[in-house]
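Chemist: Shown below is the structure under consideration.
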Amino acid sequence: MIEATKLQKKYASLRGPGVTAVDDLDLVVDGPGVHGFLGPNGSGKTTTIRCLLGLVRPSSGTVKVLGSDVGQLHTVVDRVGALVETPKFFPTFSGRKNLMMLGQLSGISSSRVDEVLETVGLENRGRDTFKSYSLGMKQRLAVGATLLKDPDLVILDEPANGLDPAGIVDMRRLIRRLADEGKTVFVSSHQLAEVQLTCDVLTIISRGHVIQTGSVADVLASVTDQRVRVVIDDADGAQGVLAAAGFVASVTGPASLDVVIAASEAASVTQVLAQTGRYLRALEPMQGTLEQAFLELTEGDEGAGS
Amino acid sequence: MRLFRTELTRFWSRRFMWAVTGLVFTISTVAGVVVFAKHSATVPDNDAYAIEQARRQTDECVRHFTESLPDSEREMIASDFGFDASSMTENEWEEFLRSEMCFQDPAWYRPDDPRFFATTLLVDTYQAYEIDDWSADRRDYSTANTFRSGVQTYRQAEDGLVGVVPVVATFYLVIAVLIGASFVGAEYKSGTLENLLLWEPRRVRVLWTKFAAGFVSSAVLTATLLTWLTALLYFVATQRGSTGAVDGRFWIDVGSTIARGAVIGGLFFVAAMSVSVVARNTTAAVGVILGWFAVSNIVIELTARWLRPWELFNNSTAFIREADAVRYTKIQGYWSTIYSHGYLRAGMVTAVWVAVMATVATAVFVRRDID
């Protein structure tokens, strides 16, 4: 669906050496499903998306969307729906008119426009001017615009921006529904919990290049599935025993401690403690969160791009 | 074609366009009402009025010099005119005053004709009432007259049409500039250009479709506004003046003037939009173009007189007015403006200017990052 190879984007500057927003980035998005695109502020997510959509000319590297080079994007553009950053519409036109004008470009009927307005919950506000919309409504209209063409590939850059909690849930459902319909959704977001709940595959970038990619489970495992929680009566004593045996362990409560070790090797913990007459009441692998993974992977990074 | 239709839809949906159009429409209408109010269909006996006024003034003057002038001054005045006052009888003195000293030409007292002449649409007010037959007289007031006979060692340029329609058409260029600059400037400001490129990524196609839709729409708008003004003033002429000189040829000239104004209106839309594409800002684009209008002739006069026949604004106005473009030359030691080329070539020069501007805008737009 999307393939970027050695993608680089440098911005020249008259007052300095310039900025490299995207640096040697390799990205493959297969479909169908939801592919999350994560990175700290300024890590190059939006610039990458702009390169994919032909809005920004890459300094080097190649980009293919639905098998077409950027120069041939027009051959597949009817199969791509995209929202980049903030919603952008004519402020004095109604939401419906804005969509009608976009739809006119692809011969989309007014009934389809109405259908999309209903999908994003704006059926009763379609005739109001765009400038009268709340931030969340603007965002929903922008998502509606991406759906007009009934695209195979949907690219959403921070789609939950400005949405209230109910709107975020609706957005999550919508994204999942699109994936379930066989579409590929490529979504960048800061809402890590949402991404964890919504995405099948993740790519995390930092400083303009990819630092981790894979299924959500794999990404979590690679970073956070490296410790077990031990429930035992004498946590302090157990911690001393384990430390003496070379384990990294920390007491988290009167009867619990965490040990840094892969879950697959947790039996050695049991063995060491049993040898000193200490018996576990429970031992469970700890499931990390995407937030932990994200922070660990991008720790200390301050991106240069946007 | 879909893109073209979309751009047409946007052009005719814009509030700014309607605000400007509404303002111009209102001003035109008010102007029509004022012209209606200031003119009268009643034609006074102008000659009798003028003769009576001249006689009154003469009588007043004669009375003044007869009653109050000392003899010494009477002789001095008479001698200035080659008469001898000492040998003149009172009747001869009065006759001298009436014919020489106090002579008043009735022509000086002929009042302005209170009627509004339809020919004012194409020629200036003072010429308009002299025209009895447009087809026969138009040669005296348009470019096709005798100055280009080649008798002189240089060819004097024609001023062309200076009536309401050509002059107002020149002012309407400002409308085309405002709408053209804001057409794409608003898209940059709102970010909708990005949206559009997500639906049609071929930028050359996007830009030139905008040019085409804007050209057509601006031309139609200019023609409509000029036609409205023409209709208003023609109506005034039928009610408060004269349409006696109007014939088929007159309407052809009015129509062709409106058509030329419309073409230039379309071209200036493209020119302003081109500057706006480069500047990414409506205000900057309007400033650049109107600034150029304001100072171009001064700059050319001071720095590059050779550029005068090829300057954008001069050629565009010459085309509208069916006038000649001029160049500078020294005649008897003084700089004068003389014929350079006719109005059709002036139109082509304008089109070349705009084409160059559009090409530069395209080159910039194709390479520019939209972010």
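Chemist: Is at least one residue of the stretch B:342-354 within 21 Å of B:Ser256 (Cβ to Cβ), assigned by TED's automatic domain parsing to the domain that holds B:Phe183, hydrophobic (A, V, I, L, M, F, W, C) and loosely packed, with under 15 Cβ neighbours inside 10 Å? Break it down into steps so the answer makes sense when it comes.
Modeler: Of the stretch B:342-354, the ones within 21 Å of B:Ser256 (Cβ to Cβ) are B:342-351, B:354.
Then drop every residue that is not assigned by TED's automatic domain parsing to the domain that holds B:Phe183, which leaves B:342-351, B:354.
So of that shortlist, the ones also hydrophobic (A, V, I, L, M, F, W, C) come out as B:344, B:346, B:348-349, B:351, B:354.
Next, from what is left, pick out any that are loosely packed, with under 15 Cβ neighbours inside 10 Å: B:344, B:348.
So far as the stretch B:342-354 goes, yes, one or more of its residues are within 21 Å of B:Ser256 (Cβ to Cβ), assigned by TED's automatic domain parsing to the domain that holds B:Phe183, hydrophobic (A, V, I, L, M, F, W, C) and loosely packed, with under 15 Cβ neighbours inside 10 Å.
Chemist: While we're on this one: Output the residues belonging to the stretch A:227-246 that are surrounded by fewer than 17 Cβ atoms within 10 Å (Cβ to Cβ) and in contact with a strand residue (DSSP E or B) (Cβ under 8 Å, 6 or more places away or on another chain). Give the derivation first.
Modeler: The first filter runs over the stretch A:227-246 and keeps only residues surrounded by fewer than 17 Cβ atoms within 10 Å (Cβ to Cβ), leaving A:229, A:231, A:233-234, A:236-237, A:240, A:243-246.
Correct list: A:Arg229, A:Val231, A:Asp236, A:Ala243.
Chemist: Can you report the number of residues in the stretch A:52-99 which are out of contact with any helix residue (DSSP H, G or I) (no Cβ under 7 Å at 6 or more places or on another chain) and of a type in the set (Phe, Trp, Tyr)?
Modeler: Residues that pass the stated criteria total 0.
Yes/no matrix, rows are residues, columns are (1) of a type in the set (Phe, Trp, Tyr); (2) in a strand (DSSP E or B); (3) modelled with pLDDT under 90:
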{"residue": "A:Asp233", "(1), (2), (3)": "no, no, yes"}
{"residue": "A:Val241", "(1), (2), (3)": "no, no, no"}
{"residue": "A:Thr252", "(1), (2), (3)": "no, yes, yes"}
{"residue": "A:Val269", "(1), (2), (3)": "no, no, yes"}
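Chemist: May I pose another question? Quick one: in the stretch B:164-210, of everything that is facing chain A (nearest Cβ under 9 Å) and hydrophobic (A, V, I, L, M, F, W, C), which residue is farthest from B:Trp251 (Cα to Cα)?
Modeler: Out of the qualifying residues, it is B:Leu198.
Chemist: A follow-up question, please. Cβ-Cβ below 6 Å, separation at least six or inter-chain, first residue in the stretch A:41-70 and within 11 Å of chain B (Cβ to nearest Cβ), second among the polar types (S, T, N, Q) and part of a strand (DSSP E or B): which pairs?
Modeler: Partner pairs satisfying both residue conditions: A:Ser59/A:Gln8.
Chemist: Of everything in the stretch B:257-293, what is closer than 24 Å to B:Gly163 by Cβ and either without any contact (Cβ under 8 Å) to a residue 12 or more places away in the chain or of a type in the set (D, E, K, R) (or both)? Give them in sequence order.
Modeler: Within the stretch B:257-293, B:Arg260 is the sole residue that qualifies.
Chemist: Applying the selection to the stretch A:148-167, what residues are assigned to a helix (DSSP H, G or I) and either within 23 Å of A:Leu38 (Cβ to Cβ) or under 16 Å from the mean Cα position of the chain (by Cα) (or both)?
Modeler: Let us first name the residues in the stretch A:148-167 that are assigned to a helix (DSSP H, G or I), namely A:165-167.
Within the stretch A:148-167, A:Pro165, A:Gly167 meet the criteria.
Chemist: Can you tell me which of (1) more than 14 Å from every other protein chain (Cβ to nearest Cβ); (2) more than 30 Å from B:Thr230 (Cα to Cα); (3) in contact with a helix residue (DSSP H, G or I) (Cβ under 8 Å, 6 or more places away or on another chain) is the one B:Phe25 doesn't meet?
Modeler: Answer for B:Phe25: the failing condition is (2).
Chemist: Quick test of your reading of the structure: A:Asn124 fulfils all but one of (1) touching a Pro at 6+ places or on another chain (Cβ under 8 Å); (2) more than 10 Å from every other protein chain (Cβ to nearest Cβ); (3) not small (Gly, Ala, Ser). Name the failing condition by number.
Modeler: Every condition holds for A:Asn124 apart from (1).
Chemist: Please enumerate the residues belonging to the stretch A:82-102 that are at the interface with another protein chain (Cβ under 8 Å from one of its Cβ atoms), assigned to a loop (DSSP other than H, G, I, E, B) and farther than 11 Å from B:Ser13 by Cα.
Modeler: A:Val84, A:Thr86, A:Lys88, A:Phe89, A:Pro91
Chemist: While we're here: Does A:Glu115 satisfy the condition of being out of contact with any Pro (no Cβ under 9 Å at 6 or more places or on another chain), more than 11 Å from every other protein chain (Cβ to nearest Cβ) and surrounded by fewer than 20 Cβ atoms within 10 Å (Cβ to Cβ)?
Modeler: On the way: out of contact with any Pro (no Cβ under 9 Å at 6 or more places or on another chain): yes; more than 11 Å from every other protein chain (Cβ to nearest Cβ): yes; surrounded by fewer than 20 Cβ atoms within 10 Å (Cβ to Cβ): yes.
Yes, satisfied.
Chemist: Does A:Leu73 meet the test of being crowded, with 22+ Cβ neighbours inside 10 Å and outside any loop (DSSP other than H, G, I, E, B)? Don't jump to the end; show me each part of the working.
Modeler: Numbers: crowded, with 22+ Cβ neighbours inside 10 Å: yes; outside any loop (DSSP other than H, G, I, E, B): yes.
When the stated conditions are applied, A:Leu73 passes them.
The values are calculated or read from the model by the stated rules, or taken from the named source; none is laboratory data. These figures come from a predicted structure and were not determined experimentally. In this analysis, Cβ positions are derived from the backbone assuming ideal geometry, glycine residues included, and neighbour counts consider all displayed protein chains.
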